[in-house]
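Here's the structure, in structure tokens; my notes come after.
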């Protein structure tokens, strides 16, 4: 019985997630123009949805597909103000959608553009994954770089 107990403790101790405290970076060029669904009042308003699908590269030079949905939840009345948008994204690491990481969060964006200003960063939560990323958690920091490209650094637990 004692051996079974020690085996169970050792198994739990050494069976940490393969993702434990790992970091993954993804980069891509400027985002393409989004498809916009004007769901609220006509023009920019709460309820509008921006949709993107584009390719990127992981830090180990693998192809990645990124799908983004961004919904306006708080509208700025003046161009000097920021509006809030909730984002849901799926990052696919294979062409079958088997190995994915999902992220979600809210950010403040200028109403005159689809994305963050250059050199701004935004942190969102990693809310799950599939395939080799099943059970993923952590955070991703997205940075809009000076040349218009983007870097997303995933801190996975």
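The values are calculated or read from the model by the stated rules, or taken from the named source; none is laboratory data. No experiment lies behind these values; they were computed from the predicted model shown. Cβ sites come from the backbone with ideal geometry, for glycine too, and all protein chains shown count toward neighbours.
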Strands (runs of 3 or more DSSP E) enclosed by the range 33-126 - at least 1 residues per element that are modelled with pLDDT of 95 or more and surrounded by 17 or more Cβ atoms within 10 Å (Cβ to Cβ): 49-58, 63-74, 82-92, 100-110
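Residue-by-condition table, conditions (1) in contact with a strand residue (DSSP E or B) (Cβ under 7 Å, 6 or more places away or on another chain); (2) more than 20 Å from residue 128 (Cα to Cα):
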site	(1), (2)
38	no, yes
42	no, yes
46	yes, yes
51	yes, yes
66	yes, no
74	yes, yes
79	no, yes
84	yes, yes
Members of the range 33-57 that are more than 22 Å from residue 77 (Cβ to Cβ) and free of Cβ contacts under 8 Å to residues at least 24 places away in the same chain: 35, 51, 52, 53
Which is closer than 17 Å to residue 21 by Cα and touching a strand residue (DSSP E or B) at 6+ places or on another chain (Cβ under 6 Å), of 106, 134, 90, 126? 126
Residue 136: passes all of (1) buried (at least 19 other Cβ atoms within 10 Å of the Cβ); (2) in a strand (DSSP E or B) but (2)
Is it true that some residue in the range 76-96 is in contact (Cβ under 8 Å) with a residue 60 or more places away in the chain, on the phi < 0 side of the Ramachandran plot and under 11 Å from the mean Cα position of the chain (by Cα)? yes
